[in-house]
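The values are calculated or read from the model by the stated rules, or taken from the named source; none is laboratory data. None of the values given here were measured: they were computed from a predicted structure. Using ideal geometry, Cβ is built from the backbone for each residue, glycine included, and neighbour counts are taken over all protein chains shown.
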Amino acid sequence: MELKVYNTLTRKKEQFVPKQPHHVRMYVCGPTTYNFIHLGNARALVVFDTIRRYLIYRGFRVTYVQNFTDIDDKIINRAAEEGEDPSALAARYTREYFRDADALRVMRANVHPKATEHIEEMQEMVRGLLAKRVAYVLDGDVYFSVRKFPGYGKLSGRTLDEMLSGARVEVDERKRDPLDFVLWKAAKPGEPSWDSPWGPGRPGWHLECSVMSSKYLGFGFDIHAGGSDLIFPHHENEIAQAEAYQDDAPFARYWLHNGFVTVNEEKMSKSLGNFFIVRDLLQEWPPEVLRFFLLSTHYRSPLDYSTEALDLARRSFNRLRNTLELIDEITGGQDVMPAGRLSREAGDFRHQVLARVAEFEDAMDDDFNTALALAALFNLGREVNSFINRDDFVQTPAVVHILIHVSRYFNSLLGVLGLIPGEGRDMGEEYAAQLLQVITGLAPGDRSLLPEGLPTEPRALLDMLLQAREAARKQKNYRLADRLRDELREMGILIEDTPRGVRWRLV
Ligand SMILES: [Zn+2]
């Protein structure tokens with residue numbers, strides 16, 4: 001079956017074909033680092049991480065970029081409240097972000113660009129837009145002239161009049177048109193600022209995503225994603241800036257947006273007191289359960305949080321885990337594949353299993369329908385249970401052989417959803433120092449294969465090393481790949497290369 005995705009830009013489901021065969025370039029708007037991430041942030045993270053994992057499962061190479069907005073009014077205000085330097089506050093919440101994202105098993109992006117590290121490129125785009133006369137300077141600010149860009153409104157499907165009555169348009173009497181948005185903001189006294197041809201200031205929020213996505217993925221990349229609250233004005237403005245600057249379209253080919261999270265069917269908001277941050281939820285619920293809950297509804301539909309919904313997710317996830325444990329009890333975690341003749345029942349069972357795998361893939365191919373994909377896993381689990389619990393069940397080598405296969409399928413599909421039970425569960429803090437030693441022991445050339453940053457969590461450190469090992473294997477640098485595998489084995493982390501990707505377990 002072909003892979004179909006709902007494209008906000010065309011408002012329909014389309015066949016997904018990346019610009020370059022087998023390689024998907026994907027950009028996801030990341031958090032503003034002024035606070036811990038909340039449940040709404042977590043939904044976007046987990047949803048797009050799962051889409052990335054499924055694309056990898058489908059055989060695509062995925063280059064994934066997710067930014068950090070590390071300069072913004074919210075950061076400046078929060079820093080003033082707490083008497084902290086804005087850049088220190090942003091760095092702190094970037095670290096906190098990784099703690100939560102790692103716990104939720106969100107894979108690290110290939111690049112995590114930060115706004116403050118791309119000021120020059122952003123100024124370059126502002127200069128270009130001024131030269132094209134689609135922007136104008138006003139007392140040290142620079143504005144984008146919305147009416148000079150004919151495509152404005154194509155993503156949100158709104159007319160200029162409808163946008164004018166929208167709540168999020170900034171009112172500023174000085175602007176030539178109320179819809180014009182800021183590209184460069186003059187600094188108020190005491191605010192962090194960068195020198196520019198228009199005076200000291202800082203970039204407007206929308207600018208960073210146009211600049212950083214094109215820089216790392218090229219203009220006309222495949223997927224641009226984010227929460228549906230970003231469609232207007234953020235993504236609409238990103239398109240206007242990038243396409244006006246480049247004199248070309250489209251800036252991004254497929255636009256994917258996830259739905260809102262509500263709490264007991266009310267909008268989640270600080271003022272209603274029903275605002276959940278992930279760090280608190282993780283005190284109460286295992287990360288797998290939270291992740292399961294976030295994937296239990298199709299990503300475009302609203303998702304309602306309640307204790308009952310989380311409790312249901314916990315019980316459902318445990319059912320899947322129990323099935324896997326049942327299989328493991330019978331196969332004894334064997335890796336060898338004893339052959340033998342299949343009974344008719346066993347043969348039928350094998351067909352059923354393959355049909356469920358296809359059902360899972362069909363669901364994911366249909367705009368990443370994780371709710372139906374989970375239903376396929378539950379069907380599979382039910383069938384495994386009834387096969388094993390039959391009165392005439394005989395544990396022949398051929399049956400064990402099939403069950404080993406089933407366990408692999410099960411794990412591989414759960415891996416697509418980031419839900420392999422127990423993975424990373426037992427990795428204690430004591431691994432961190434050893435993993436860090438492996439990283440620091442790498443030659444400078446080999447270290448360049450590591451993703452950015454140096455986390456403190458053992459899981460995140462291991463992820464870094466696994467990503468570096470994958471990169472080494474792709475470059476046919478087997479010396480490094482094998483060395484990493486051996487060093488990890490020495491500390492009791494066993495790496496297995498499966499057709500569906502790398503797995504690890506503690507031994
Ligand atoms: Zn963005």
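Table for the structure above
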{"read-out": "Test: Ala225 is among the hydrophobic types (A, V, I, L, M, F, W, C) and within 16 Å of the ligand (Cβ to nearest atom)", "value": "yes"}
{"read-out": "Where Leu138 falls short, out of the listed (1) within 15 Å of Lys185 (Cα to Cα); (2) crowded, with 18+ Cβ neighbours inside 10 Å; (3) not β-branched (Val, Ile, Thr)", "value": "(2)"}
{"read-out": "Number of positions in segment 434-471 that are under 23 Å from the mean Cα position of the chain (by Cα) and either modelled with pLDDT of 90 or more or in a helix (DSSP H, G or I) (or both)", "value": "14"}
{"read-out": "Of all residues making up segment 176-192, the number that are among the charged types (D, E, K, R) and within 20 Å of Glu162 (Cβ to Cβ)", "value": "3"}
{"read-out": "Hits in segment 379-409 (condition: under 30 Å from Gly259 (Cβ atoms) and surrounded by 15 or more Cβ atoms within 10 Å (Cβ to Cβ))", "value": "Asn379, Leu380, Gly381, Tyr409"}
{"read-out": "Among the candidates Leu160, Leu183, Leu230, residue that is surrounded by 23 or more Cβ atoms within 10 Å (Cβ to Cβ) and not assigned by TED's automatic domain parsing to the domain that holds Thr297", "value": "Leu183"}
{"read-out": "Meets criteria (within 14 Å of the ligand (Cβ to nearest atom), under 22 Å from Leu230 (Cα atoms) and touching a strand residue (DSSP E or B) at 6+ places or on another chain (Cβ under 9 Å)) for Ile51", "value": "no"}
{"read-out": "Which listed residue is within 16 Å of the ligand (Cβ to nearest atom), at pLDDT below 95 and surrounded by 15 or more Cβ atoms within 10 Å (Cβ to Cβ), from Trp205, Trp255", "value": "Trp205"}
{"read-out": "Counted residues, segment 114-124 - those being touching a residue at least 60 places away in the same chain (Cβ under 8 Å) and polar (S, T, N, Q)", "value": "1"}
{"read-out": "Entirely in segment 11-68, the strands (runs of 3 or more DSSP E) that have 1 or more residues that are without any contact (Cβ under 8 Å) to a residue 12 or more places away in the chain and touching a Gly at 6+ places or on another chain (Cβ under 8 Å)", "value": "none"}
{"read-out": "Complete set of residues in segment 241-252 that are within 13 Å of the ligand (Cβ to nearest atom) and of a type outside the set (Phe, Trp, Tyr)", "value": "Gln241, Ala242, Ala252"}
{"read-out": "Some residue of segment 135-147 being part of a loop (DSSP other than H, G, I, E, B), of a type in the set (Gly, Ala, Ser) and either in the same structural domain as Pro178 (by TED's automatic domain parsing) or out of contact with any helix residue (DSSP H, G or I) (no Cβ under 8 Å at 6 or more places or on another chain) (or both)", "value": "yes"}
{"read-out": "Segment 125-134, subset assigned to a helix (DSSP H, G or I) and free of Cβ contacts under 8 Å to residues at least 60 places away in the same chain, residue farthest from Ala240 (Cα to Cα)", "value": "Ala131"}
{"read-out": "Some residue of segment 170-182 being in contact (Cβ under 8 Å) with a residue 40 or more places away in the chain and within 16 Å of the ligand (Cβ to nearest atom)", "value": "yes"}
{"read-out": "Residues located in segment 283-305, provided they are over 18 Å from the mean Cα position of the chain (by Cα) and at pLDDT below 95", "value": "Gln283, Glu284, Trp285, Pro286"}
{"read-out": "Number of positions in segment 59-81 that are small (Gly, Ala, Ser) and either within 29 Å of Arg25 (Cα to Cα) or surrounded by 17 or more Cβ atoms within 10 Å (Cβ to Cβ) (or both)", "value": "2"}
{"read-out": "Residue in segment 73-85 that is among the basic types (Lys, Arg), within 16 Å of the ligand (Cβ to nearest atom) and either in contact with an Asp or Glu (Cβ under 8 Å, 6 or more places away or on another chain) or not assigned by TED's automatic domain parsing to the domain that holds Gly227 (or both) present", "value": "no"}
{"read-out": "Looking only at segment 54-81, and only at residues there that are touching a strand residue (DSSP E or B) at 6+ places or on another chain (Cβ under 8 Å) and among the aromatic types (Phe, Trp, Tyr), the one that is farthest from Gln20 (Cα to Cα)", "value": "Phe68"}
{"read-out": "Members of segment 438-472 that are within 17 Å of Asp486 (Cα to Cα) and in contact (Cβ under 8 Å) with a residue 60 or more places away in the chain", "value": "Asp463, Met464, Gln467"}
{"read-out": "Considering residues of segment 82-119 that are assigned to a loop (DSSP other than H, G, I, E, B) and hydrophobic (A, V, I, L, M, F, W, C) only, the residue surrounded by the fewest Cβ atoms within 10 Å (Cβ to Cβ)", "value": "Met107"}
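Yes/no per residue for (1) part of a helix (DSSP H, G or I); (2) touching a strand residue (DSSP E or B) at 6+ places or on another chain (Cβ under 8 Å):
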{"site": "Leu342", "(1), (2)": "no, no"}
{"site": "Ala358", "(1), (2)": "yes, no"}
{"site": "Asp362", "(1), (2)": "yes, no"}
{"site": "Phe368", "(1), (2)": "no, yes"}
{"site": "Leu372", "(1), (2)": "yes, yes"}
{"site": "Asn379", "(1), (2)": "yes, no"}
{"site": "Arg382", "(1), (2)": "yes, no"}
{"site": "Asn385", "(1), (2)": "yes, no"}
{"site": "Asp392", "(1), (2)": "no, no"}
